[in-house]
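Quick notes on the structure that follows.
The values are calculated or read from the model by the stated rules, or taken from the named source; none is laboratory data. Note that this is a predicted model, so its numbers are computed, not measured. In this analysis, Cβ positions are derived from the backbone assuming ideal geometry, glycine residues included, and neighbour counts consider all displayed protein chains. When the accessible area is computed, the model is the full protein with side chains, heavy atoms only, and any ligands, DNA or RNA have been set aside. Shrake-Rupley method; radii C 1.70, N 1.55, O 1.52, S 1.80 Å.
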Amino acid sequence: MPRGAARLLDLPEYPLGRLPERKRQLIARGADVIDLGAGDADLAPPRVAVERLAEAAALPAMSRYGFGLGLMEYREAISRFMQRRFCLAFDPLREVVPLIGSKEGISHVALAYVEEGDVAIIPEPGYLAYVGGSLLAQGDPYRCVLKPEKQFLVDLDDIPDDVLGRAKILYLNYPNNPTAAVAPMSYLEHVVALCREHDILLVYDNAYSEMAYDGYRPPSIFEVEGARDVAIEFHSMSKTYNMTGWRCGWAVGASELIAPLAKVKLFVDTGAFMAVQAACASALDASESFVPGNLAVFRERRDAAVAAFRDNGFACESPVATMYLWIALPDGVPGAEFAELLMEEEGVIVLPGSSFGAGGEGFFRVSFVTSPERIREAAARAGRVLARMTAGARP
Ligand code: PLP
């Protein structure tokens, strides 16, 4: 029987690969499951997007191939959004690439840039598409551990010169999944300077650019002078508009830098469903009326989650961005075991830090994707598991 390629053996287990099936089994067993695993909220997409999708899906022209160009209206809405939100101009035809979810582009960008043996610098813990894309392109991942004492920023000064010399890509993601950290402008300036000096492509994953609280407004990497020479920025419709399943996102950057990604895509996909692109254009144009109300719901969930987990014996910061709490476990409590017991014994799904790479050990991630009441209930159950584990007593 033909065997899969050896390069697949290097890939880590995908954290959300087996969970949906585990969840199904728990529900079938009658467990009261609270799923705080995936960053996948139970909230509705903008009404304007749903209505537009229904209308557009009825038009035969929308059912045809989108090809690389896709729907011009979507490209133009992206360009308008980037202008309104960040005061940045991007040519809709030459400087925008529509994506089938940002993950698709983030993982394919390595195929466009990385050659066998090239180094890809990867934050760890981090979104697994970085390491996955690099390994599939036969690159050599260099993992930088994000540490609380460094505010979960990649410590650029810690990367050896020979690694920088061989590096082709640096993946960076602020606001960050899973740590919820944000990056100051001075840090981003340092990153851009370093990438320019070493001719490294900066893959700036801005999936959470609109998910911020308490007055914080995440920047675009292109607000840093010179970033257009080295960076591609990735955006997502998923989190901001509660549209994870719609699979739509985009990349922006200098035409020379995004052209290789667009070329890869010509050979692996033929564009997102154009009715979805039309709906996304409508959602983007309505961002100012939709996003603040949606964020207020997330802020209430965040506050509930922070208070509830603290009340139940956990240490966590209140994040100013993303939909995650990154919670430290007491010394000696292994994250994977904690998450497993929490799921099996209490029906609560969270992700152990190590599922984002070994550098995430000692933490777990909670997504505030359900109601405050259910989050409080989940925190109480998590507290019980922690108490049992630290007391060494198994039921
Ligand atoms: N980037 C980060 C950091 C994420 O956490 C996610 C999803 O969880 C994505 C990108 C991918 O989002 P999508 O492919 O839904 O646009």
Being open to solvent by 40 Å² or more (accessible area, probe 1.4 Å), in contact with a Ser or Thr (Cβ under 7 Å, 6 or more places away or on another chain) and either within 16 Å of the ligand (Cβ to nearest atom) or modelled with pLDDT of 95 or more (or both) narrows R143, R84, R94 down to just R94
Name the residues in the range 300-315 that are buried (at least 17 other Cβ atoms within 10 Å of the Cβ) and under 22 Å from K239 (Cβ atoms), would you?
R301, R302, A304, A305, V306, A308, F309
Of all the residues that make up the range 217-252, how many are of a type in the set (A, V, I, L, M, F, W, C) and surrounded by fewer than 19 Cβ atoms within 10 Å (Cβ to Cβ)?
0
Name, by its number, the condition in (1) in a loop (DSSP other than H, G, I, E, B); (2) under 18 Å from the mean Cα position of the chain (by Cα); (3) without any contact (Cβ under 8 Å) to a residue 60 or more places away in the chain that does not hold for G215.
(2)
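Yes or no, residue by residue, for (1) in contact with a helix residue (DSSP H, G or I) (Cβ under 9 Å, 6 or more places away or on another chain); (2) more than 25 Å from A89 (Cβ to Cβ); (3) more than 16 Å from the ligand (Cβ to nearest atom):
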site: Y113; (1), (2), (3): yes, no, yes
site: A137; (1), (2), (3): yes, yes, yes
site: E149; (1), (2), (3): no, yes, yes
site: P175; (1), (2), (3): no, no, no
site: A183; (1), (2), (3): yes, no, no
site: L202; (1), (2), (3): yes, no, no
site: A212; (1), (2), (3): yes, no, no
site: I221; (1), (2), (3): yes, no, no
Any chance the range 277-288 includes a residue that's at pLDDT 95 or above and either touching a His at 6+ places or on another chain (Cβ under 9 Å) or more than 18 Å from L71 (Cβ to Cβ) (or both)?
yes
Long-range neighbours under 9 Å by Cβ, at least six apart or interchain, first residue touching a residue at least 24 places away in the same chain (Cβ under 8 Å) within the range 241-254, second among the aromatic types (F, W, Y) and within 8 Å of the ligand (Cβ to nearest atom):
G249/F234; W250/F234; A251/F234; V252/F234
